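Where a number appears in this text, it was derived from the coordinates with a stated rule and is not lab data. Just so it is clear, the model here is predicted, and its values are computed rather than measured. Don't worry about glycine lacking a Cβ; one is built from the backbone with ideal geometry, like all the others, and counts go over all protein chains shown.
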Amino acid sequence: MDIDRIRESAEKIVEKDPEISDSIHLFLDILAVQLEIMDEIIGKIDPEELIADRYPLFDAIGIPKVEPELWTRCMDEIISRVSSHREDLREELDAVRESLHENLFDPEALAILSFKGDMNYARGVSVSIGVSEDLLSALGIWTIQPIFMAIRELSKEIKGWNAGFCPICGSYTRTSFLKGDKVFMKCEICGEEWEYPSNTCPFCGSKKIEPLELKGETSQIMRCDECGAHWNLINEDLLGDISREIYPMLTLKLESMLDEGI
């Protein structure tokens, strides 16, 4: 990933929509940490270990071995970046950092279980140190992302994948983009991209999908009438030269309006 190009793309977006400036700059600061850790992890993984006969790769090979120190350092750095942007969370973040350095919880366990959607560990840590369960889960997911990003960078092209979940980490995503007459999904965890059948719900495979009236200049929200899921479709041909790593951030306002029922 080219962090300079990502930053340039981010500034273009902020120039057009200053309201999301804080969210974009927080995203950039977290991403900078993740890319540094990703580069370290890449040097520790043998690409031959990533060869599998089934996907997602995460299900086939699990989490590559990473030293406990690296898990701790990654989470510590992310806490620092979030704290610099979110004064309202600073007290809780300081408590998490203190507990992290006192080994009151395992950042690897928090990261892996939060990614899997198992909130029991985050809930237990939340009660014991007195911070938000959702904040702990977010920190855990941000901490595990560099590992999946490294796997994505080292993996060979995966052909013929047309499922609605990521072939690298297995995540479902709410970000898709239209390039010409083809639709692609963009994983929000590892950044993997893959072509996906158009006019198809990525969550249940139904063909009963429709665009909502809610739309931006270059994107709109799609909804499945069968399962009720929704996701964002970005028209890349209208967008111009913007790094795809920014795509999940482009629909923040639409998502917010949808949550508010506007």
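Dipole magnitude of the chain about its Cα centre, charges +1 at Lys/Arg Cβ and -1 at Asp/Glu Cβ only, in debye to the nearest 20?
The dipole of the chain has a size of about 840 debye.
What's the FRET efficiency of Ala32 with Arg123 using the Cβ-Cβ distance as r and R₀ = 22 Å, to the nearest 0.05?
Efficiency at R0 = 22 Å is approximately 0.15.
Taking 7 Å along the Cα-to-C-beta vector as the label spot, tell me the Glu102-Glu49 distance in nanometres, rounded to one decimal.
So the label points at Glu102 and Glu49 sit 3.4 nm apart.
Could you work out Rg/(2.2 N^0.38 Å) for the chain, with Rg from alpha carbons only?
Against the empirical 2.2 N^0.38 Å value, I get 1.02 for the chain.
For helix 90-101, report the angle its Cα long axis makes with the longest principal axis of the Cα atoms of the chain; keep it between 0 and 90° and round to the nearest 10°.
Around 60 degrees separate the two axes.
What is the helix-to-structure angle for 133-154, meaning the angle in degrees between its Cα long axis and the longest Cα principal axis of the chain, kept from 0 to 90 and rounded to the nearest 10?
70
Of Tyr55, Cys204, Gly240, which is farthest along the charge dipole of the chain in the positive direction, counting Lys and Arg as +1 and Asp and Glu as -1 at C-beta?
After comparing all options, I get Cys204.
Please identify every one of the GluC sites (Glu not before Pro) in the stretch 97-171 that sits in a loop by DSSP and has no more than 15 other beta carbons within 10 Å of its own beta carbon.
Glu102, Glu157
Looking at the square roots a ≥ b ≥ c of the eigenvalues of the Cα gyration tensor of the stretch 3-154, which shape do they give, rounded for a/c under 1.5, prolate if a/b is larger than b/c, or oblate?
oblate
Test of understanding: in a Gaussian network model of the chain with alpha carbons linked when under 10 Å, which of Met38, Met149, Met119 would top the mean-square fluctuation ranking?
Ranking Met38, Met149, Met119 by mean-square fluctuation puts Met119 first.
What does the highest-first list of 197-203, 59-65, 237-243 look like by mean Cβ count within 10 Å?
197-203, 237-243, 59-65
Which trypsin sites (Lys or Arg not before Pro) does the stretch 1-47 hold that lie in a coil by DSSP with at most 15 other beta carbons within 10 Å?
Counting only loop positions with at most 15 other Cβ atoms within 10 Å, the trypsin sites (Lys or Arg not before Pro) in the stretch 1-47 are Lys44.
Can you divide the C-alpha Rg of the stretch 140-254 by 2.2 N^0.38 Å and report the result to two decimal places?
Against the compact-globule rule of thumb, the ratio is 1.04.
Full extension from Lys116 to Glu69: what is 0.36 nm times the residue separation minus their Cα-Cα distance, to one decimal in nm?
14.7 nm
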